[in-house]
Amino acid sequence: MPPRPLPDLEQTRAILASRRTRPAPRPPPPAGRGLSKLIRELDARFGQGPGALQARWREIVGEQIARRTEPVKLVKGRNGAGAALEVRVAGPAAALIQHQAPEILARVNLFLGSGSVERLRIVQGPLRPQPAGAAKPTRRRPAPLDAAEEAELVRGLAEAPDGPLKAALLALGRGALRNTHRG
């Protein structure tokens, strides 16, 4: 059998006009549309995760603790037990955070719901850098002592030899006197 000749331009148009072509496939819907229902169901079933804690951590635990810590993950307990919150702590502050664990747990449970987190797991490690938009609090310069208190402090340290020790003792005395006025 000899090979069949290819159709010319007119024949090609006639063939294409007589045949129905398939419609172009539709693109898939956006992933967010399909997942939003599932995410709502999971959130209702399992509650808010560490993402909600990370977003509001400064509000939940306060400025001082938030500077030294960050929530890492929330591990659900077995058989309906409360979860464990893993918190990353910057170096030597771990002992202070361990001491404040009951207060931190109370604040986290106030945010997530009563009994959501039963224990705090502290892990030492470097914290993520703070976002550029987070403004650092400005430190206020402490008010100076009045002249009589300053003179009495200097008179009390008159016999101490000049040097870094005397300067440190003056700074300590000023700080102690300021704190007695506040309290």
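The values are calculated or read from the model by the stated rules, or taken from the named source; none is laboratory data. Predicted model only: the values in this text are computed from it and were never measured. Heads up, the Cβs are rebuilt from the backbone with ideal geometry, glycines too, and the neighbour counts pull from every protein chain shown. To get the accessible areas, we keep the full protein, side chains included, count just its heavy atoms, and leave off ligands, DNA and RNA. Shrake-Rupley method; radii C 1.70, N 1.55, O 1.52, S 1.80 Å.
Taking the solvent-accessible surface of protein heavy atoms with a 1.4 Å probe, what is the per residue accessible area of the chain in Å²?
That works out to 81 Å² for each residue.
Using only the alpha-carbon atoms of the chain as identical scatterers, what base-10 log of I(q)/I(0) does the Debye formula give at q = 0.10, 0.17, 0.19 Å⁻¹?
Debye intensities relative to I(0), on a log10 scale: -0.70, -1.13, -1.21.
Could you tell me the relative contact order of the stretch 49-183? Use alpha-carbon pairs under 8 Å, at least six residues apart, and round to a whole percent.
In percent, rounded to a whole number, it is 19.
Looking at the chain, what % of its DSSP beta bridges pair antiparallel, to the nearest 5?
Of those bridges, close to 45 percent are antiparallel.
Do any trypsin sites (Lys or Arg not before Pro) in the stretch 1-37 lie in a DSSP loop with no more than 12 other beta carbon atoms within 10 Å, and if so, which?
Loop-located and lightly packed - R19, R20.
Please report the carbon-and-sulfur percent of the accessible area for the chain; probe 1.4 Å, protein heavy atoms only, DNA, RNA and ligands left out.
The value for the chain is 57 percent carbon and sulfur by accessible area.
How many angstrom separate the Cα center of the stretch 48-92 from the Cα center of the stretch 158-183?
That distance is 39 Å.
For the stretch 140-183, just the Cα set please: Rg and Dmax, both in angstrom.
Expressed in Å, the Cα Rg and Dmax of the stretch 140-183 come to 10.9, 32.
Apply 1/(1 + (r/R0)^6) to the Cβ-Cβ distance of N179 and A81, taking R0 = 41 Å, and write down the FRET efficiency to the nearest 0.05.
0.40
Write out the trypsin sites (Lys or Arg not before Pro) in the stretch 68-124 meeting two conditions: DSSP loop, and at most 15 other Cβ atoms within 10 Å of their Cβ.
Counting only loop positions with at most 15 other Cβ atoms within 10 Å, the trypsin sites (Lys or Arg not before Pro) in the stretch 68-124 are K76.
Is it possible to state the helix-based mean residue ellipticity at 222 nm for the chain, with each DSSP H run of 4+ residues giving -39500 (n - 2.57), the sum divided by total residues, to the nearest 500 deg cm²/dmol? What is it?
Taking each H run of at least 4 residues, the total per residue is -15000 deg cm²/dmol.
Hey, if we sort S18, S116 by accessible area with the 1.4 Å probe, largest down, what's the order?
Largest to smallest exposure gives the sequence S18, S116.
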